[in-house]
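> First, the structure itself, so that you have it in front of you.
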Amino acid sequence: MTRVHFYEFDGGLEAALALSCRLAAKAHAQGLDTLVHCADPAALERLDLLLWAQPASSFLPHGQVPNPRCPITLGGGDPGHHHGLLINLAPVAPGWFSRFERLAEFVHGDDPGHRAQMRERFRFYRDRGYDTRHSKLDAQTLAA
């Protein structure tokens with residue numbers, strides 16, 4: 001069953017993209033394939049650039065078209081071969097999230113509407129028996 005981890009932090013899209021890079025790098029080191037689910041083309045382009053530079057000492061193989069030989073995919077469509085980590089940057093969870101071992105959801109910024117939506121999403125997962133976890137990250141942790 002999918003393990004769902006909510007990451008709460010201050011900041012907007014840039015902080016979410018930076019955290020996405022860190023989580024994708026960690027999953028890659030553990031041998032998990034990763035899909036970063038996002039329908040915003042500009043955010044995907046920014047994430048693509050960040051992945052080229054993160055981490056500075058190595059390369060994270062990634063692309064925008066699902067390919068079994070490419071462990072990190074950026075996109076907003078069907079997950080293809082992926083089943084390891086789903087990083088959800090979309091406003092709603094995709095219907096196929098349960099195909100993944102792990103799901104990362106982000107709670108960020110001051111928008112009360114976004115926070116309420118994420119609390120509802122947390123209850124949705126928890127009430128259906130998913131293993132739900134929550135971590136509150138401070139600025140120092142995000143920068144590390």
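The values are calculated or read from the model by the stated rules, or taken from the named source; none is laboratory data. Note that this is a predicted model, so its numbers are computed, not measured. Here the Cβ is made from the backbone with ideal geometry for all residues, glycine too, and neighbour counts use every protein chain on show.
> Can you tell me which residues in region 79-92 are within 17 Å of ALA43 (Cβ to Cβ) and buried (at least 17 other Cβ atoms within 10 Å of the Cβ)? Lay out the reasoning, then the answer.
Initial filter on region 79-92 (within 17 Å of ALA43 (Cβ to Cβ)): 86-92.
Answer for region 79-92, where residues must be within 17 Å of ALA43 (Cβ to Cβ) and buried (at least 17 other Cβ atoms within 10 Å of the Cβ): LEU86, ILE87, ASN88, LEU89.
> All but one of (1) within 19 Å of THR2 (Cβ to Cβ); (2) touching an Asp or Glu at 6+ places or on another chain (Cβ under 9 Å); (3) assigned to a helix (DSSP H, G or I) hold for LEU142; state the number of the condition that does not hold.
With (1) within 19 Å of THR2 (Cβ to Cβ); (2) touching an Asp or Glu at 6+ places or on another chain (Cβ under 9 Å); (3) assigned to a helix (DSSP H, G or I) applied to LEU142, the lone miss is (1).
> Here's something else I'd like to know. Tell me, which residue of region 51-60 that is buried (at least 16 other Cβ atoms within 10 Å of the Cβ) and at pLDDT 80 or above is nearest to GLU14 (Cα to Cα)?
Residues of region 51-60 buried (at least 16 other Cβ atoms within 10 Å of the Cβ): 51, 54, 60.
Narrowing the set further to residues that are at pLDDT 80 or above leaves 51, 60.
Working: LEU51: 13, LEU60: 18 Å.
For region 51-60, the residue satisfying everything is LEU51.
> Moving on to the next point. Quick test of your reading of the structure: PRO71 fulfils all but one of (1) modelled with pLDDT of 90 or more; (2) in contact with a Leu (Cβ under 7 Å, 6 or more places away or on another chain). Name the failing condition by number.
In the conditions (1) modelled with pLDDT of 90 or more; (2) in contact with a Leu (Cβ under 7 Å, 6 or more places away or on another chain), PRO71 misses (2) alone.
> Can you spot a residue in region 102-115 that is touching a strand residue (DSSP E or B) at 6+ places or on another chain (Cβ under 9 Å), assigned to a loop (DSSP other than H, G, I, E, B), small (Gly, Ala, Ser) and under 17 Å from ALA27 (Cα atoms)?
For region 102-115, residues touching a strand residue (DSSP E or B) at 6+ places or on another chain (Cβ under 9 Å), assigned to a loop (DSSP other than H, G, I, E, B), small (Gly, Ala, Ser) and under 17 Å from ALA27 (Cα atoms): absent.
> Right, next: Do you know which residues across region 99-144 are of a type in the set (Gly, Ala, Ser) and more than 22 Å from ARG22 (Cα to Cα)? Before the answer, list the steps.
Step one: filter region 99-144 for residues of a type in the set (Gly, Ala, Ser), giving 104, 109, 113, 116, 129, 135, 139, 143-144.
Residues satisfying the conditions are GLY113, ALA116, GLY129.
> Looking at GLY31, GLY63, GLY11, GLY76, which is the one that is surrounded by 15 or more Cβ atoms within 10 Å (Cβ to Cβ), out of contact with any Lys or Arg (no Cβ under 8 Å at 6 or more places or on another chain) and at positive phi?
Numbers: GLY31 fails: surrounded by 15 or more Cβ atoms within 10 Å (Cβ to Cβ); GLY63 fails: at positive phi; GLY76 fails: at positive phi.
One residue alone meets the criteria, GLY11.
Quick grid of which residues meet (1) exposed (fewer than 13 other Cβ atoms within 10 Å of the Cβ); (2) closer than 20 Å to GLU14 by Cβ; (3) free of Cβ contacts under 8 Å to residues at least 12 places away in the same chain:
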{"site": "LEU103", "(1), (2), (3)": "no, no, no"}
{"site": "PHE106", "(1), (2), (3)": "no, yes, no"}
{"site": "PRO112", "(1), (2), (3)": "yes, no, yes"}
{"site": "ARG121", "(1), (2), (3)": "no, no, no"}
{"site": "TYR125", "(1), (2), (3)": "no, no, no"}
{"site": "TYR130", "(1), (2), (3)": "no, no, no"}
{"site": "LEU137", "(1), (2), (3)": "no, yes, no"}
{"site": "LEU142", "(1), (2), (3)": "no, yes, no"}
